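Data block below; observations after.
Since every read-out is calculated from the coordinates, none of them should be taken as a lab result. Predicted model only: the values in this text are computed from it and were never measured. Every residue, glycine among them, receives a Cβ derived from its backbone with ideal geometry; neighbour counts consider all protein chains shown.
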Amino acid sequence: ALQTKGLLKLGEELRDHTVRQRFMDMIHGSFDQMWSELLSHFPLKVFNNGMMRVLRAKDAQAKANAKAKEKYRRIVGEDLIKHQFVVKCLQNELELRKSTNTLGYMQQLQTWVNNYTWEKYEDVEDEQTSQRRITRKL
């Protein structure tokens with residue numbers, strides 16, 4: 001299947017197999033692109049009881065984001081799959097907070113990264129789906 005998608009070229013023997021650049025790009029990403037993607041999903045500010053709180057700096061290269069960026073680099077490195085997992089968990093958290101009207105209590109970016117907060121929202125999507133299902137005891 002990977003060969004038909006153009007990601008690999010299989011040879012006669014194992015040493016003749018060729019991994020294409022498209023496949024490498026799928027599993028190995030540029031950290032700066034991953035950081036920008038994370039920030040594109042992470043809210044800039046939230047409102048709680050009529051008060052505004054700033055969660056992160058708007059510019060991805062801002063000094064205010066520097067500590068969180070370095071910590072995220074140590075956690076994710078160039079691992080695109082790990083990064084995609086973090087972004088998916090962030091999306092789960094945002095959906096849950098919007099549906100429960102608790103977006104105003106979201107952590108600042110640096111705290112969110114330092115505490116590995118995304119790990120708490122790994123299975124939230126599955127729980128929301130299962131709660132919508134109607135079941136009856138017989």
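For LEU55, nonlocal amide neighbours, meaning residues 5 or more places apart or on other chains whose placed amide H falls under 5 Å from its own, are LYS45, VAL46.
One decimal place: the segment ASN49-ARG20 gains 5.2 nm when fully extended, by the rule 0.36 nm per residue minus the C-alpha distance. Tell me whether the range 74-127 comes out rounded, prolate or oblate; compute the Cα gyration tensor, take square roots of the eigenvalues as a ≥ b ≥ c, and use a/c under 1.5 as the rounded threshold. Since a/c reaches 1.5 but b/c is at least a/b, the shape of the range 74-127 is classed as oblate.
Tally Lys/Arg at +1 and Asp/Glu at -1 over every other residue whose Cβ is under 13 Å from the Cβ of TYR116; what's the total? Net of charged neighbours comes to +1.
Residues in the range 99-108 carry Karplus couplings, in order, of 6, 9, 6, 10, 4, x, 9, 5, 6, 5 Hz; the curve used is 6.51 cos²θ - 1.76 cosθ + 1.60 with θ = phi - 60°, and Gly or Pro positions show x.
Among residues other than LYS45 with Cβ under 10 Å from its Cβ, the summed charge is +3 (Lys and Arg +1, Asp and Glu -1).
Phi angles across the range 33-47 convert, under the Karplus curve 6.51 cos²θ - 1.76 cosθ + 1.60 with θ = phi - 60°, into 3J(HN,Hα) values of 5, 5, 4, 5, 5, 4, 5, 5, 8, 7, x, 6, 8, 9, 10 Hz, Gly and Pro given as x.
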